[in-house]
1. Which entry in (1) 7.9; (2) 7.3; (3) 6.9 matches mean projected area of the Cα convex hull in nm² derived from the coordinates of this structure?
2. Quick one: which residues, 5 or more positions from residue 55 or on another chain, have an amide H under 5 Å from its amide H? H modelled 1.01 Å from N in the peptide plane, none for Pro or chain starts.
3. When the helices in the chain are scored as -39500 (n - 2.57) per DSSP H run of 4 or longer and the sum is shared across all residues, what 222 nm value do you end up with, to the nearest 500 deg cm²/dmol?
4. Counting other Cβ atoms within 10 Å of each Cβ, which trypsin sites (Lys or Arg not before Pro) in the range 1-62 have at most 11 and sit in a DSSP loop?
5. Please report the relative contact order for the chain, taking Cα pairs under 8 Å with a sequence separation of at least 6, and give it as a percent rounded to a whole number.
6. What is the magnitude of the charge dipole of the range 1-83 about its Cα centre, with +1 placed on the Cβ of each Lys and Arg, -1 on the Cβ of each Asp and Glu, and no other charges, expressed in debye to the nearest 20?
7. Ranked highest first by the average count of other Cβ atoms within 10 Å around their residues, in what order do 86-93, 60-67 fall?
8. Ignoring ligands, DNA and RNA, what accessible area per residue does the chain give at 1.4 Å, in Å²?
Amino acid sequence: ARGLYGRALELFAHAERNLSDAERRMLHRQPGIREELLTIRYNSACVEALASVGKSSPGAPANALAPEVAAACRDAAFAHLAEAIELGWEDRGHLEQDADLVPLRGDPRWTELLGRIAK
């Protein structure tokens, strides 16, 4: 899943390469595109959060990771969540309940991220 979401984001970036910032914002406001990007960003965050503890799913056993790899995965997860929020993610309750995101909850960035979404 990690590779597929990454590839989808690469394709979006390629499609947007020659757009101005205004054109990019307008494109992101298009209903179908906004939802697709939001979903890809959110799911990418889930995949990266699980990868940060060496898991492929919430119930899977954890594999040992080098600290720098775990940190890079957490950073990527937070970046994807921030982008999802910027694109319009508003379901704070879902974020708080999503088992995929448990690995992020101890990080100080988690509280800041939740603060960007109204209760």
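1. Working out mean projected area of the Cα convex hull in nm² from the coordinates points to (1).
2. 63
3. Here the helix-only value at 222 nm equals -21500 deg cm²/dmol.
4. In loop regions of the range 1-62 (DSSP not H, G, I, E or B), the sparsely surrounded trypsin sites (Lys or Arg not before Pro) are 17.
5. Values: 111 pairs, mean separation 30.5, N = 119.
Taking the mean separation of contacting Cα pairs over the length of the chain, I get 26 percent.
6. Working: 10 positive and 10 negative charges, 25 e Å.
Using only the charged Cβ atoms, the result is roughly 120 debye.
7. The densest-packed peptide leads the list: 86-93, 60-67.
8. Per residue, the chain has an accessible area of 60 Å².
The values are calculated or read from the model by the stated rules, or taken from the named source; none is laboratory data. The structure presented is a predicted model; accordingly, all values stated were derived computationally and were not measured. All Cβ positions, even for glycine, are placed from backbone atoms using ideal geometry, and neighbour counts span all protein chains on display. Heads up: the accessible areas ignore ligands, DNA and RNA and are worked out on the full protein's heavy atoms, side chains in. Shrake-Rupley method; radii C 1.70, N 1.55, O 1.52, S 1.80 Å.
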